[in-house]
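Inspection log for the structure reproduced underneath, given as structure tokens.
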Amino acid sequence: MPEYLSDVNTVWCPSWAKETDPLQRYDTSGNQNGIVEPCELRKEPYHYNGFLIMDDFNILGFDKIGVEGADPGGRWQTAQYGDTPWGELGRANADPNKPGTASDTDFKVSSLYEGTQVGGGNTIYRFRQGIERFLITDINNPGASAVAASQVPILWDHISVYVTDFAHVPGGCNVLYMDGHVDYIRYPGERFPMTPDSARIFGRYDRVMGGL
């Protein structure tokens, strides 16, 4: 491992060209001091979802499904999340008295977004062991927990409104689920997070999952 990466676990995509230099990829967008520092690492080329989100609706709410963003290709700008469930979470994280703490635990949306979350509820659940129980509808089914865990997306390749931005061409992504298995889902599709709405809201890194 190069010296400048000796104490850093870099977010690195296997599909990137072998000659790509981590120093150029990360440090050139930071302070350019010749060291890849933790604060310079971005989630590129992956999206990590730290909450129990099963559908674009959980992020966008009632009125934003199918709405194009103002950025090129219809991608959403940060300000456009303002009147969405995720926008409320972002504003709570921006509270100067307790910055970032809203994402440390479950977050209850306001009455404006009642019924937008998993199971028709009002809570954006933070990932933790056993979180899949909120998806179980038949408590008498001994296999229900395993089935639920197999449906919860946790991490996936970058998705974009531009097919050329995908790690896998033609468009599609590997999605890691809570039970540990990975599915390859083609884009565009009807299954979150590989829908046209998903591409709009995740099409720019450090937007929705980065807060506001």
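Among the residues of region 8-27, are any within 28 Å of Val182 (Cα to Cα), modelled with pLDDT of 85 or more and either outside the structural domain of Trp156 (by TED's automatic domain parsing) or of a type in the set (D, E, K, R) (or both)?
no
Got a number for residues in region 101-131 being over 19 Å from Val147 (Cβ atoms), surrounded by 14 or more Cβ atoms within 10 Å (Cβ to Cβ) and of a type in the set (Val, Ile, Thr)?
Of the residues in that region, 4 qualify.
Taking the condition farther than 24 Å from His47 by Cβ and in the same structural domain as Thr84 (by TED's automatic domain parsing), does Gly120 pass?
Working: farther than 24 Å from His47 by Cβ: yes; in the same structural domain as Thr84 (by TED's automatic domain parsing): yes.
Considered against the rule, which asks whether it is farther than 24 Å from His47 by Cβ and in the same structural domain as Thr84 (by TED's automatic domain parsing), Gly120 comes out as yes.
Pick out, from region 102-212, the strands (runs of 3 or more DSSP E) lying fully within it that include 3 or more residues that are touching a residue at least 60 places away in the same chain (Cβ under 8 Å) and within 15 Å of Asp56 (Cβ to Cβ).
Details: elements: 153-157, 172-177, 182-186.
So the answer is none; nothing clears 3.
Go through the residues of region 131-142 one by one and say whether even a single one is modelled with pLDDT of 90 or more, out of contact with any strand residue (DSSP E or B) (no Cβ under 6 Å at 6 or more places or on another chain) and of a type in the set (S, T, N, Q).
Taking every residue of region 131-142 in turn, none turns out to be modelled with pLDDT of 90 or more, out of contact with any strand residue (DSSP E or B) (no Cβ under 6 Å at 6 or more places or on another chain) and of a type in the set (S, T, N, Q).
Counting just the residues of region 57-73 that are surrounded by fewer than 19 Cβ atoms within 10 Å (Cβ to Cβ) and β-branched (Val, Ile, Thr), which one comes out farthest from the chain's Cα centre (by Cα)?
Val67
Looking only at region 74-97, filter to residues that are polar (S, T, N, Q) and in a loop (DSSP other than H, G, I, E, B); which one of those is surrounded by the most Cβ atoms within 10 Å (Cβ to Cβ)? Walk me through how you get there before you give the answer.
Residues of region 74-97 polar (S, T, N, Q): 77-78, 80, 84, 93, 97.
With in a loop (DSSP other than H, G, I, E, B) added as a condition, the list becomes 77, 84, 97.
Working: Gln77: 11, Thr84: 24, Asn97: 5.
Filtering region 74-97 for residues that are polar (S, T, N, Q) and in a loop (DSSP other than H, G, I, E, B), the one surrounded by the most Cβ atoms within 10 Å (Cβ to Cβ) comes out as Thr84.
With the condition kept exactly as written, say whether any residue in region 154-175 is assigned by TED's automatic domain parsing to the domain that holds Pro196, of a type in the set (Ser, Thr, Tyr) and buried (at least 18 other Cβ atoms within 10 Å of the Cβ). Walk me through it before giving the result.
So in region 154-175, the residues assigned by TED's automatic domain parsing to the domain that holds Pro196 come out as 154-175.
Add one more test, that the residue is of a type in the set (Ser, Thr, Tyr), and what stays is 160, 162, 164.
This time we only want the ones that are buried (at least 18 other Cβ atoms within 10 Å of the Cβ), so: 160.
Within region 154-175, one or more residues are assigned by TED's automatic domain parsing to the domain that holds Pro196, of a type in the set (Ser, Thr, Tyr) and buried (at least 18 other Cβ atoms within 10 Å of the Cβ).
The values are calculated or read from the model by the stated rules, or taken from the named source; none is laboratory data. It should be emphasised that the depicted structure is a prediction, and the values quoted were computed from it without experimental measurement. FYI the Cβ positions are ideal-geometry reconstructions off the backbone, even for glycines, and counts take in every protein chain you see.
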